[in-house]
1. Of everything in region 241-265, what is open to solvent by 80 Å² or more (accessible area, probe 1.4 Å) and in a helix (DSSP H, G or I)? Give them in sequence order.
2. I want to confirm something. Restricting to region 44-66 and keeping residues that are in contact with a helix residue (DSSP H, G or I) (Cβ under 7 Å, 6 or more places away or on another chain) and surrounded by 22 or more Cβ atoms within 10 Å (Cβ to Cβ), which single residue is nearest to S250 (Cα to Cα)?
3. Name the residue that is modelled with the lowest pLDDT, counting only residues in region 133-174 that are touching a helix residue (DSSP H, G or I) at 6+ places or on another chain (Cβ under 7 Å) and open to solvent by less than 10 Å² (accessible area, probe 1.4 Å).
4. Could you tell me which numbered condition A87 fails, if it satisfies all but one of (1) outside any strand (DSSP E or B); (2) closer than 26 Å to D176 by Cα?
5. Can you name the number of the only condition in (1) part of a loop (DSSP other than H, G, I, E, B); (2) surrounded by fewer than 17 Cβ atoms within 10 Å (Cβ to Cβ); (3) without any contact (Cβ under 8 Å) to a residue 24 or more places away in the chain that K96 fails?
6. Can you confirm whether region 10-24 contains a residue that is under 21 Å from F117 (Cα atoms) and either open to solvent by 10 Å² or more (accessible area, probe 1.4 Å) or out of contact with any His (no Cβ under 7 Å at 6 or more places or on another chain) (or both)?
7. Given the structure, is S204 touching a residue at least 12 places away in the same chain (Cβ under 8 Å), buried (at least 20 other Cβ atoms within 10 Å of the Cβ) and more than 19 Å from the chain's Cα centre (by Cα)?
8. Keeping to region 175-197, report how many residues are among the hydrophobic types (A, V, I, L, M, F, W, C), buried (at least 24 other Cβ atoms within 10 Å of the Cβ) and over 10 Å from the mean Cα position of the chain (by Cα).
Amino acid sequence: MEHQAEIGVFGGSGFYNFIDDAVEVKVETPYGSPSATITIGTVGGKRVAFMPRHGRDHSLPPHKINYRANVWAFKALGIQRVICPCAAGSLQKHIKPGEFVFCDQYVDRTTGRADTFFDGPITTHVSAADPYSEELRQLAIQAAKDCQIPFHDKGTIVVIQGPRFSTRSESKWFRDQGWEVINMTQYPEAHLVKELEMDPLNISLITDYDTGVEGVPPVSHVEVIEVFNENNAKLRRLLFKLIELMPPASKAPEFANILASSRHG
């Protein structure tokens, strides 16, 4: 393709613009149209592509996002590493609104989403044991320290179907499992990134306490967006520092050869 990039960034709720003085690129995929046109620019000497996963006007609820088209479009641009910021609720009192969590695990509670590129005829089983890039998570930790942003260095994010929020009983169940964060978009996005041999990184922006935390009133989407907007300046600072720290395109991503050990026959 005429336009190429090495790093991709998905925008979540309230995060619709990232790169100034960028060129807009439309990518067609075998899976239909992505959520939006992609903007490509230079950050920290690296070519970076940005796409708001919900669309530029937030017209796509979590269960209607074409995750395969979005991820395929990034791969078609030559991207090697994908940053996946998302608005998220806290399931634990010590993880506070306004803080960031760099999750290293997820639990999938979604239903009916197209969650693989491999529907045959070659049987392919890509491991999800370690769903996120450890190398990128460590770089994110360093970037947060450099930017003096409060963070938690790891956690498990439970991904629910949406668009509804959890009942109190569901939220209590998730909290009692010891899981830290709840969201609606990280699955299948992160796994699809890995299936195409790119490295995914989660950045969970904590916007609220989920309803399973004792004494906390039910969350509303308006409140989520308000806190997310407050976090946007911090997120931009973190992303610019993180991209600066990321390896050059000449270094292969952590999951570059994962398909070699994932195919039958």
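The values are calculated or read from the model by the stated rules, or taken from the named source; none is laboratory data. Note that the coordinates shown come from a computational prediction; the quantities given were computed from them, not determined experimentally. A quick note on method: Cβ atoms are made from the backbone with ideal geometry, for glycine too, and the neighbour counts reach across all protein chains shown. Heads up: the accessible areas ignore ligands, DNA and RNA and are worked out on the full protein's heavy atoms, side chains in. Shrake-Rupley method; radii C 1.70, N 1.55, O 1.52, S 1.80 Å.
1. Passing the criteria: E244, A260, S261.
2. Per the stated criteria, the residue is V48.
3. I149
4. Of everything listed in (1) outside any strand (DSSP E or B); (2) closer than 26 Å to D176 by Cα, A87 misses just condition (1).
5. For K96, the failing item is (3).
6. Yes - at least one qualifying residue is present in region 10-24.
7. It is false that S204 is touching a residue at least 12 places away in the same chain (Cβ under 8 Å), buried (at least 20 other Cβ atoms within 10 Å of the Cβ) and more than 19 Å from the chain's Cα centre (by Cα).
8. Here the count works out to 4.
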